[in-house]
Each structure stands twice: as C-alpha cells, then as structure tokens.
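Rule-based calculations on the coordinates, nothing more; no lab input. Only a predicted model underlies this, so the values are computations on that prediction, with no experimental measurement involved. Positions of Cβ are generated from backbone atoms using ideal geometry, with glycine treated the same way; all protein chains shown enter the neighbour counts.
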Amino acid sequence: MRLGFLRRRDSNESSFFMKICCIGAGYVGGPTMAMIAFKAPDISVTVVDLNEKRIAAWNSETLPIYEPGLDEVVKTARGRNLFFSTDVKGAIAAADIIFVSVNTPTKTYGVGAGRAADLRYIESVARTIAEVATSPKIIVEKSTIPVRTATTIQEILAAHPRAAKCQVLSNPEFLAEGTAVADLTNPDRVLIGGERTPEGEAAIEALVAVYARWVPRERIITTNLWSSELSKLVANAFLAQRISSINAISALCEATEADVDEVANAIGKDSRIGPKFLKASVGFGGSCFQKDVLNLTYLCEHFGLPEVAAYWESVIKINDWQKRRFAANIVKALYNTVADKRIAVLGFAFKKDTNDTRETAAISVCRDLLTEQANVVVYDPKVPAHEIVADVLGKGAPANPRLTVAASALEACAGAHAIAIVTEWDEFKTLDYAAIFAGMPKPAFIFDGRNILNLAQLRAIGFRASGIGK
Ligand code: UDX
Ligand code: UDX
C-alpha cells in the first residue's frame, strides 16, 4: 500500500493500519465513518463531537439518527474499530486522517446573512487541529463549504508556530438521507480534490486507498481542490433546480388539465433528461438544497456575477412559492376559511425514511394554516412530538393550543375537515381511507402534496381529492 505522505506505524504503537478521526457526529459524519469502519476492519475510526448527548446516543442502543440499515453497520463495527468520543483533541492528535464534518449553516448575522455559509465551526476546528497536530496529517473537508475554503484552513495551519505540515483535501459527501447506507455502500462516485503537488497527490492517493476497499476505482474521481469544493454546491443546485422546474410546471398543469406525473414520465424517457428527481411535491426540504443554493448565489455575487446569482436564486423562490401555494390551495378549497377547522397534516419529516425535519415543507404549511386559525393535528411516524412543536412554533415559544400532535394517522384524521399529505411515508398509501372518510365532517377533503395516493379511488369513496399538478 502506497501511503507516501503518512508516517509508518511501529508495531507496538497500534495494531491498526491507519487511524481516522472525524470531527462532527451528525447526519454526514456518523454514517460515513460507520461505513468506512464497517468496510475496513484494520482502520481505526473515531468520531468525535462537542455534543455529549449525541455521542452518548451513538454509543447507546438508540442511535441519534434514523437510517434504514445503519444500526447493523454501527453495531458490527462499534467497539471493534469504530469509536464515538468527546475527546476531540486526543482523537486529532492520534489520527493520520482527520475528516471535518461539522455543520456549515446559513449565516444568520452580519455580511451575507441569510445566504453565505457560516464558517465559524470550520475555522474553530482548523484552529484546534493547528494547536494539537504535532505530526503530519491529512485534513479532509467533508462538510459542504464555499469554494476556496481549503485556503482558510491552510492559512490557519501555516500561521501556527508549532503546527505540523498538513495536506488539505476536499471529499464532499453526496449521500441522501433515508438512503444513506445504500448510497455509501454503492456510491455513483466518490470525489476527492487535492493540491496537484507531489505531497497533494500522495494525500489524494492515501484517501483513494481508503475508499477503494469497497468502491471500484473507476468511480473514484480525483480533481484539483477547487473543482471538488465547487462540484458539491453545483450538484445540489442542479438537483434542486430540477425539483423547482417540475414544481413550476405543476402549477401550469393544474391550470391546463395536464397531469404533471404524465408530463414527468414523458420527458424523463428522453435519455438526455432522465427520469430521476422529477417528482412534483409540496416543495423540497432538507439541510442541503436551500442552504447550498443560497450559498452558490452568494458566491456568484461575491465574484461579480449578479445575473448568475439571480438565475439560481429563482430556484429557491419557486420552492417557497410552492410551499405557500399548497397551504393557500387548502384554504381556498375549504371555502376560503379554515378557522377552527381541524386539518390533519400527515408527515412532518422533509422526506420519508428519515426523522430529519430541517427546512421541511411541513413547517411552512403548518405555520400558514395556524395563521389562518386552523386547528392543526400533525402525525409523523418518526419525528417526536416535542420536535414538531419546536420546529413550527420556535424553540422555547409558548404552546399554541391550535397545534397538536397525534400518535397515529387515524387519530390525526378522526374528525378532520381536511387531510394534507406532506411527507410520502409508505404507511399513508395503505390507510383505510373509507373508514377515515366515515369519521370526517362532509365534504371531506384530501390534499396529496406528494402524489402518492390514487385520487380516482379516493373520489369514488366520496373525498374531494386533489394532488400536485393534477
Ligand atoms: C453535514 C455537513 O457537515 C454540512 O456541511 C452539510 O452541508 C450537511 O451535512 P450534518 O452532518 O447534517 O452536516 O450536520 P449536523 O447533524 O448538524 O452535525 C454536525 C455536528 O458537528 C454536530 O453534532 C455538532 O455538535 C458538531 N460540531 C460542530 C462539533 O463537534 N464541533 C464544532 O466545533 C461544531
Ligand atoms: C440531498 C442530495 O440528494 C444529496 O446528494 C446531498 O448529499 C444532500 O442533499 P437529501 O437532502 O438528503 O440529499 O435528500 P433528497 O433525496 O435529495 O431530497 C431533498 C428534498 O427534495 C426532499 O424534501 C425531497 O422530498 C425533495 N424531492 C426530491 C422532491 O420534491 N422531488 C424529487 O423528485 C426528489
């Protein structure tokens, strides 16, 4: 194995071939490191986080995030070569490769507020590494960051009198939540960017060797640092743009009696367009799309490209509009008032098979309905009630008696004037809608924000049923 850049271990130092540390035990750091440990038993992987509760959860029977298949991966490797700890400095000092997987939220203050990425955590991690690292390390940017962030990390390291010489690589993560284990097991590609110098190439090669344990070499792409950093933002922007494009067309379909699913199917058969990411919806959510598109627009402006910035910003504007349009359509259909009416909101996570609610369309829909004084009853199979309430009303805000959380879909729907499907959980496809209909005041409405239900069958039961772009 060519490890060039890395020092050799002597036999009594450790039985592991290599030591990896990952700073940030979140949705990206946790599953990604678990997969590396699972696939490479001879590499020691330690995931550290400042958040003690999160680390305790990773060490417990109930992991802090829900991902199909993740429990098995973690339980196989944990204690063998996968460790979760709050000893950030100790793990950095011992590691050969340090993944930085801390969050990079949208800035909420100062210059660039609402759009630029907040890099305070990245910088503080770089400072900690500079302080602690006394032997050469490979530092890997796993977090999504603005292009040229590696320069910041390099400068902080270079400025520290005692810091060891480190190489900075960019290795963005493309996993999607809910399918993290499948995406990590069989990625479309792994992208690694580094400096095109002998030291940089050696560092790239060391990281390639880690992924090559299970990813075919031809799927591991290597580029210069800046291409890699930028590609992550661009990939998310293109994906988000496809959803906003089909959602924009969904409104035109509603006005013209075209069916958006039929249109998506027809255009998706063109191999140049392709079938994926053309599902019209109540709007995209998740921690990445909005944040990364806003970050891209900010970068474009920063580099003097206002037309390019405006183009990408429209992706977000359509998404905001689509979320508001869904709630507005409910109000309009219910005779322009939902005041004191019970509205069942089925699903709260930003998509199925995850408990993540960041930027979920459900927040916007619930808030709009509450503003109209509806009694909103939410049910989600994976999101805890306190999380739903905190997301809609704001953390620490006083309770609002109009917002409640039900323990089942049936409980939420009982006595509701309308049902709104906001997340496409499989269990909503097979509910006994005839029985639900019987327990609702008439006319009973159903709004399918994910186009997962058979509207014709619901109409045969007696529902006033509508979907997106139908
Ligand atoms: C990731 C990426 O890192 C982010 O850049 C990308 O755009 C989205 O996905 P994610 O794993 O979802 O973020 O973030 P989160 O679940 O918030 O986890 C980050 C963790 O880093 C938190 O547990 C936080 O406690 C930890 N952290 C943050 C540290 O340990 N140290 C810090 O200095 C800052
Ligand atoms: C996304 C990217 O897919 C992933 O590559 C990147 O690493 C992180 O951001 P994620 O946010 O986890 O992943 O989920 P994704 O499946 O992309 O869905 C994002 C949102 O778009 C969800 O709200 C989803 O419901 C919505 N969506 C997706 C649609 O509305 N229609 C579609 O056709 C696809």
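Quick look at the numbers
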{"quantity": "Cβ crowding within 10 Å averaged over residues, with 280-287, 166-173, 328-335 ranked highest first", "calculated": "280-287, 166-173, 328-335"}
{"quantity": "Residue 109/residue 197 FRET efficiency (R0 41 Å; Cβ-Cβ; nearest 0.05)", "calculated": "0.65"}
{"quantity": "Two-decimal Rg/Rh across the chain, once Rg and the Kirkwood Rh are taken from alpha-carbon atoms", "calculated": "1.01"}
{"quantity": "Ranked packing of 452-465, 228-241, most packed first, by mean Cβ within 10 Å", "calculated": "228-241, 452-465"}
{"quantity": "Anchor residue 137: aspartates and glutamates whose Cα lies under 13 Å away (excluding residues fewer than 8 positions away in-chain)", "calculated": "96, 199"}
{"quantity": "Degrees, to the nearest 10: 198-211 long Cα axis against longest axis of the chain", "calculated": "50 degrees"}
{"quantity": "Cβ-defined net charge surrounding residue 310, 11 Å radius [Lys, Arg +1; Asp, Glu -1]", "calculated": "-2"}
{"quantity": "Under 5 Å, built H, 5+ apart or other chain: amide partners of residue 84", "calculated": "47"}
{"quantity": "Distance between modelled label sites at residue 86 and residue 310, nm, 7 Å Cα→Cβ extension", "calculated": "5.1 nm"}
{"quantity": "Length added when fully stretched, residue 461-residue 385, from 0.36 nm per residue minus Cα-Cα", "calculated": "24.3 nm"}
{"quantity": "Point-to-point label distance, residue 454-residue 131, nm (Cα→Cβ direction, 7 Å offset)", "calculated": "6.3 nm"}
{"quantity": "0 to 90° range, to nearest 10: angle between helix 225-256 axis and the chain longest Cα axis", "calculated": "10 degrees"}
{"quantity": "Range of Cα positions in segment 18-215 per principal axis (Å), largest first", "calculated": "42, 40, 33"}
{"quantity": "Per-residue Cβ neighbour rank within 10 angstrom, fewest leading, 450, 325, 402, 80", "calculated": "80, 402, 325, 450"}
{"quantity": "Rh by Kirkwood over Cα pairs, then Stokes-Einstein D for segment 236-275 at 1.002 mPa s and 20 °C, µm²/s", "calculated": "203 µm²/s"}
{"quantity": "Label-to-label distance, nm, for residues given as residue 329 and residue 255 (7 Å Cα→Cβ offset)", "calculated": "1.4 nm"}
{"quantity": "Cleavage-rule hits (trypsin sites (Lys or Arg not before Pro)) in segment 120-187: DSSP loop, at most 15 neighbouring Cβ within 10 angstrom", "calculated": "148, 162, 165"}
{"quantity": "Residue pairs, from the table 107/323; 165/232; 53/317; 232/332; 53/341; 142/395, whose Cα atoms sit over 31 Å apart", "calculated": "53/317; 232/332; 53/341"}
{"quantity": "Contour excess over end-to-end distance, with Cα ends at residue 14 and residue 434 and 0.36 nm allotted per residue", "calculated": "144.8 nm"}
{"quantity": "Gained length - residue 272 relative to residue 321, 0.36 nm times residue gap less alpha-carbon distance", "calculated": "14.8 nm"}
{"quantity": "Distance from segment 356-421 to segment 235-260 (C-alpha centre basis), Å", "calculated": "26 Å"}
{"quantity": "Point-charge dipole on Cβ atoms (K/R +1, D/E -1) for segment 301-378, about Cα centre, debye to 20", "calculated": "400 debye"}
{"quantity": "Segment 129-177 and segment 49-80: distance between their alpha carbon centers, rounded to Å", "calculated": "25 Å"}
{"quantity": "Highest to lowest packing among 108-114, 357-363, scored as the average C-beta count within 10 Å", "calculated": "357-363, 108-114"}
{"quantity": "Separation between Cα centres of segment 337-353 and segment 436-464, rounded to whole Å", "calculated": "14 Å"}
{"quantity": "Distance histogram in 5 Å bins (all Cα pairs of segment 225-470, percent per bin)", "calculated": "1, 6, 13, 17, 18, 16, 12, 8, 5, 2, 1, 0, 0"}
{"quantity": "Two-site FRET efficiency, residue 337 against residue 52, from Cβ-Cβ distance with R₀ of 56 Å, rounded to 0.05", "calculated": "0.70"}
{"quantity": "Loop chymotrypsin sites (Phe, Trp or Tyr not before Pro), segment 148-223, which have at most 13 other Cβ atoms in a 10 Å radius of their Cβ (DSSP)", "calculated": "none"}
{"quantity": "Förster-model FRET efficiency, 51 Å R0, residue 158 and residue 414, C-beta, rounded to 0.05", "calculated": "0.20"}
